[in-house]
Amino acid sequence: MALHSVEIATYRARSRYDHSPLLRLLTDETDLARLPAVVRSLADQIWLNQVTPPLAGDAAGAWIWRRGERLLSGTAAQLRFAFSAPARRTFVPLHYDTGGDLELIGLEPRGFAPRAPEAQWSDSLDLRVRIQAAPEEPDPPAASPLPDAEPWLRMRAALRAECAQLGAGIPPLAQLAQEGGLHPLLHSLSLRNLAVMLLRQGGTEAAAALLVQAKAAYPDYRELDYLQARVALMQGKAQEAIAALKRATAEAHPGAAQIFVGSGGEAGYRSHHLLAVMAERTGRQTVALHHYLSGVRSSPAYAPAVAGLLRQRVPTTQWTAVEAALLRLGRLEARYQSEVLDFLFLHRAFEALQRALEIWTLPVDLRAATEQRLKALTPLQLATRRPPGQRAGVVLRGPFQMHASTARINRYLAAALESDAQLELALEPTLAAEEPDAAFSRPAAWAAGMRRLPQRLDLTVRHGWPPEFEPPPTGKLSLILPWEFGAIPRAWVKPLQRLDEVWVPSEFVRQVLLRAGVSGDKVVVVPNGVDLELYQPAGDGIRPDGVRGVCFLFVGGAIKRKGMDVLLRAWRQAFGSRDDVSLVIKDIGAHSFYKHLNLATEVRKLAQDAAVAPVLYLDEDWSEQKLPALYRGCDVLVLPYRGEGFGMPLAEALACGKPVIATALGPAAEFCPAESGWQVQAREQEVPAELRPPGAMTGRFTWLEPDIDSLVSALRAAADAGAAERTRRGALGAAHMRAAYGWEMITAQYRRRVAALVGAPERSSVA
């Protein structure tokens, strides 16, 4: 059958063949079975014990394959592309394993298209095909290549010498790189390999200098950026490494010549992987997932990126992209199917598992095991009574690895439920981690449920924002709902009525729900707790530099709902530059959940005003282990909130033995004894229109407006009270917290509610 090669842009015939070329596989292998299946399927003929390239005039095309090699990437169609144009040698990268993750890379002609006797070879490069070189030279040459040998052959000899003896390849490769007239493709690759050889010898500084020279000569060579990042990390220069990796993964500018050979993924998937590892170590999960997915989507997938992705417990907000990438991966590369199926089970992705069974070509035994496993997990999807001896399955869904109070509550609740032998707890994160696991070491063992798939689902507990009302596949549903305003969206009422229970942190919130029409028997008050080992009067204190006299402290989001604007106005009125007082503002969520509402500009403006007492602004994230020392180092906490569902900083400050200034209305009065601080009078007021949520409300949408004169009086009273009086009031608050608000006492209330909802297992009929 005649064949035509057509230019895609013009649809004109580029070349014509009377028939498809005869293709031979030339190999020094002696056993046909040891050849990769893709390589065997390539050729019409396979000649064993023969690796001599075809001569001019041979009507057959040829592909050379050496004993012990492994195909890293490339399909049969891509291998056959080498023969799409006559009289062409196709060069492909060969990777040499040096025992680390920095490989040496050579180039060799492996595809030879037929040519007439008088025709000369034209050379091409195909980066889609990559070969892992044999560990040992199958046919070692009797001597080094002659000086006039082709450069690729001399590079091959240098790389083989380096593999045999550390440093032996540097002199011949350096000589090759210094010769004039060397093709840029081979020259750039020689410099790249020299840098790797220097790094293998520990010559970090020499490699860094060489890479600077190479980058000046080849600014578009992304592999050099990747190697510069590796060098920077070895030197402890993380920011330089990140800058180099960003260059390596940036979109190529128009017209950049893509003629360079790198360690795979010239689009930068190795650089993406390194960025992912760095992000994972620092807890930035969104960044890590983005970069891991780059390698997973490569063809073939980059194995370290696949491993990195499968280490994650993916939050629900990022699941769609991950699911699509994994379904594609399992369809194209069978070696990952078992691991991906386990990952889908872990995430309770039952629809994705069904889809995988439909579109993947699975081994018979793996398909049968997956179908059986799915069938065994039907209690997760169909309501059944719990048999004797089986633990109740509970899923806790919400954020966990964040500094927000919501995540902190979830961690302590998770630890309490994890310790209950009657429960099988699984955690389902809804938001990506913002810190590494080590940043959330308290309470112990809270994260055990991250890698657990329960065998049944009796209760789902949700605590996050926005609230999720959708019923779970089976079992009961409880919602932890903090709320700060005088009415709720009308659209919430019916969904709240369908829940089995709503757990609220204060009687204030409970009354809001009751006024909205939610049944009282569904709404249970479970206040927030305090880690009394962390938050206690004894211990080191942090008193920021520049603080004078009496130190007032604000902890929370610097937003209007927390009363930040009221506090700034009151501070200006209460104290002048000569007063022996200071205000420390520890902003939380300034770069994340309160980013768009933050009043940092106003805070900094007041801090620069020489006419008022000092104001210090702290906006970096602090661990929960560090925050108690700040409470202890200051003298009075002030939180003139407009809206709170509870007020965690108030409880934490009291537990540390510090008196508080708080709004008199709302939830604070429920757990702050009157003698533990000073109250700020307030009135109920409509929330400004620009801050209201869309949609109809169940009543007047109000918050509390602190009286600024009352706040000024409270600030002055606290400053004038004297250290002994402040200590007395703080001690009253600490005793109150220790009596009723330790996390052990609070989580015991949660466990009682869980036990009431999941009920007892079905009694056995056997006497």
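The values are calculated or read from the model by the stated rules, or taken from the named source; none is laboratory data. What you see is a predicted model, and the numbers here were worked out from it, not measured in a lab. Glycine gets a Cβ as well: all are built from the backbone with ideal geometry, and neighbour counts include every protein chain shown. For accessibility, only protein heavy atoms count, side chains too; no ligands or nucleic acids. Shrake-Rupley method; radii C 1.70, N 1.55, O 1.52, S 1.80 Å.
Of the strands (runs of 3 or more DSSP E) that lie entirely inside the stretch 454-527, those containing 2 or more residues that are in contact (Cβ under 8 Å) with a residue 60 or more places away in the chain span 459-462, 476-480, 501-504.
Quick one: would you say Phe554 is over 30 Å from Pro379 (Cβ atoms), in contact (Cβ under 8 Å) with a residue 60 or more places away in the chain, surrounded by 16 or more Cβ atoms within 10 Å (Cβ to Cβ) and out of contact with any strand residue (DSSP E or B) (no Cβ under 9 Å at 6 or more places or on another chain)?
Against the criterion (over 30 Å from Pro379 (Cβ atoms), in contact (Cβ under 8 Å) with a residue 60 or more places away in the chain, surrounded by 16 or more Cβ atoms within 10 Å (Cβ to Cβ) and out of contact with any strand residue (DSSP E or B) (no Cβ under 9 Å at 6 or more places or on another chain)), Phe554 does not qualify.
Pairs are defined by a Cβ separation below 8 Å, a sequence spacing of at least 6 or placement on different chains, a first member in the stretch 34-45 that is in a strand (DSSP E or B), and a second member that is of a type in the set (A, V, I, L, M, F, W, C); the pairs so defined are Gln45/Leu22; Gln45/Leu23; Gln45/Leu25; Gln45/Ala60.
Open to solvent by 70 Å² or more (accessible area, probe 1.4 Å), touching a residue at least 12 places away in the same chain (Cβ under 8 Å) and either aromatic (Phe, Trp, Tyr) or touching a Pro at 6+ places or on another chain (Cβ under 9 Å) (or both) - does that describe any residue in the stretch 368-381? Yes, because at least one residue in the stretch 368-381 is open to solvent by 70 Å² or more (accessible area, probe 1.4 Å), touching a residue at least 12 places away in the same chain (Cβ under 8 Å) and either aromatic (Phe, Trp, Tyr) or touching a Pro at 6+ places or on another chain (Cβ under 9 Å) (or both). Considering only residues that are assigned to a helix (DSSP H, G or I) and either surrounded by 14 or more Cβ atoms within 10 Å (Cβ to Cβ) or not acidic (Asp, Glu) (or both), look in the stretch 428-445 and name the one that is modelled with the highest pLDDT. Applying the filter and picking the extreme gives Phe440. Exactly one residue out of Glu323, Glu358, Glu339 is within 18 Å of Arg452 (Cβ to Cβ), in a helix (DSSP H, G or I) and charged (D, E, K, R), and it is Glu339.
Every residue, every condition in (1) in a loop (DSSP other than H, G, I, E, B); (2) surrounded by 16 or more Cβ atoms within 10 Å (Cβ to Cβ); (3) not β-branched (Val, Ile, Thr), yes or no:
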position: Gly643; (1), (2), (3): yes, yes, yes
position: Gly657; (1), (2), (3): yes, yes, yes
position: Glu670; (1), (2), (3): no, no, yes
position: Gln679; (1), (2), (3): no, yes, yes
position: Ala718; (1), (2), (3): no, yes, yes
position: Glu725; (1), (2), (3): no, no, yes
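Scanning the stretch 727-738 for residues that are without any contact (Cβ under 8 Å) to a residue 40 or more places away in the chain and open to solvent by less than 40 Å² (accessible area, probe 1.4 Å) gives no hits. The residue that is farthest from Ala516 (Cα to Cα), counting only those in the stretch 681-692 that are surrounded by fewer than 19 Cβ atoms within 10 Å (Cβ to Cβ) and touching a strand residue (DSSP E or B) at 6+ places or on another chain (Cβ under 8 Å), is Gln681.
All but one of (1) assigned to a loop (DSSP other than H, G, I, E, B); (2) in contact with an Asp or Glu (Cβ under 8 Å, 6 or more places away or on another chain) hold for Ser271, so report the exception by its number. Of (1) assigned to a loop (DSSP other than H, G, I, E, B); (2) in contact with an Asp or Glu (Cβ under 8 Å, 6 or more places away or on another chain), only one is false for Ser271: (1).
All conditions but one from (1) assigned to a loop (DSSP other than H, G, I, E, B); (2) within 18 Å of Gly100 (Cβ to Cβ) apply to Leu227; the one that does not is (1). Which of the residues spanning the stretch 693-706 are among the charged types (D, E, K, R) and either open to solvent by less than 50 Å² (accessible area, probe 1.4 Å) or under 23 Å from Leu639 (Cβ atoms) (or both)? Answer for the stretch 693-706, where residues must be among the charged types (D, E, K, R) and either open to solvent by less than 50 Å² (accessible area, probe 1.4 Å) or under 23 Å from Leu639 (Cβ atoms) (or both): just Glu705.
Selection within the stretch 172-223: residues that are in contact with a Phe, Trp or Tyr (Cβ under 8 Å, 6 or more places away or on another chain) and among the acidic types (Asp, Glu). The member of this set that is farthest from Ala244 (Cα to Cα) is Asp220. So, of the residues in the stretch 196-213 that are within 14 Å of Ala229 (Cα to Cα) and not hydrophobic (A, V, I, L, M, F, W, C), which turns out to be surrounded by the most Cβ atoms within 10 Å (Cβ to Cβ)? Per the stated criteria, the residue is Thr204. Taking the criterion of being surrounded by 24 or more Cβ atoms within 10 Å (Cβ to Cβ), touching a residue at least 12 places away in the same chain (Cβ under 8 Å) and touching a strand residue (DSSP E or B) at 6+ places or on another chain (Cβ under 6 Å), would at least one residue in the stretch 617-634 satisfy it? For the stretch 617-634, residues surrounded by 24 or more Cβ atoms within 10 Å (Cβ to Cβ), touching a residue at least 12 places away in the same chain (Cβ under 8 Å) and touching a strand residue (DSSP E or B) at 6+ places or on another chain (Cβ under 6 Å): present.
Leu704 meets the stated requirement of being in contact with a Leu (Cβ under 6 Å, 6 or more places away or on another chain) and either closer than 30 Å to Gly517 by Cα or touching a residue at least 40 places away in the same chain (Cβ under 8 Å) (or both).
Applying the selection to the stretch 343-367, what residues are of a type in the set (A, V, I, L, M), touching a residue at least 12 places away in the same chain (Cβ under 8 Å) and more than 28 Å from Arg391 (Cβ to Cβ)?
Hits for the stretch 343-367 are Ala356, Leu357, Ile359, Leu362, Leu366.
Screening Leu477, Leu459, Leu413 for residues that are more than 28 Å from Asp587 (Cα to Cα) and touching a helix residue (DSSP H, G or I) at 6+ places or on another chain (Cβ under 6 Å) leaves exactly one candidate, Leu459. If the condition is being assigned to a strand (DSSP E or B) and free of Cβ contacts under 8 Å to residues at least 60 places away in the same chain, then the stretch 72-93 contributes Arg88, Arg89, Thr90, Val92.
Condition check: open to solvent by less than 20 Å² (accessible area, probe 1.4 Å) and assigned to a helix (DSSP H, G or I). Does Gly449 satisfy that? In short, yes. Can you report the number of residues in the stretch 528-551 which are open to solvent by 30 Å² or more (accessible area, probe 1.4 Å) and part of a strand (DSSP E or B)? Result for the stretch 528-551: 0.
Every residue, every condition in (1) farther than 15 Å from Leu22 by Cα; (2) crowded, with 16+ Cβ neighbours inside 10 Å; (3) under 36 Å from the mean Cα position of the chain (by Cα); (4) at pLDDT below 90, yes or no:
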{"site": "Ala43", "(1), (2), (3), (4)": "no, yes, no, yes"}
{"site": "Pro54", "(1), (2), (3), (4)": "no, yes, no, yes"}
{"site": "Trp63", "(1), (2), (3), (4)": "no, yes, no, no"}
{"site": "Gly68", "(1), (2), (3), (4)": "yes, no, no, no"}
{"site": "Leu71", "(1), (2), (3), (4)": "yes, yes, yes, no"}
{"site": "Ala82", "(1), (2), (3), (4)": "no, yes, no, yes"}
{"site": "Ala87", "(1), (2), (3), (4)": "no, no, no, yes"}
{"site": "Val92", "(1), (2), (3), (4)": "yes, yes, yes, no"}
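The residues listed here are Leu176, Leu185, Leu191; of these, the one that is touching a residue at least 40 places away in the same chain (Cβ under 8 Å) and either open to solvent by less than 30 Å² (accessible area, probe 1.4 Å) or in a loop (DSSP other than H, G, I, E, B) (or both) is Leu185. Selection of the stretch 222-260 for residues being open to solvent by less than 30 Å² (accessible area, probe 1.4 Å), at pLDDT below 90 and under 22 Å from Val129 (Cβ atoms) yields only Phe260.
Please go through the stretch 455-474 and pick out each residue that is in contact with a Lys or Arg (Cβ under 9 Å, 6 or more places away or on another chain) and open to solvent by 40 Å² or more (accessible area, probe 1.4 Å). Of everything in the stretch 455-474, those that are in contact with a Lys or Arg (Cβ under 9 Å, 6 or more places away or on another chain) and open to solvent by 40 Å² or more (accessible area, probe 1.4 Å) turn out to be Gln455, Glu468, Pro471, Pro473. For the stretch 558-577, the count of residues that are farther than 17 Å from Glu602 by Cβ and either surrounded by fewer than 16 Cβ atoms within 10 Å (Cβ to Cβ) or among the hydroxyl-bearing types (Ser, Thr, Tyr) (or both) is at least one.
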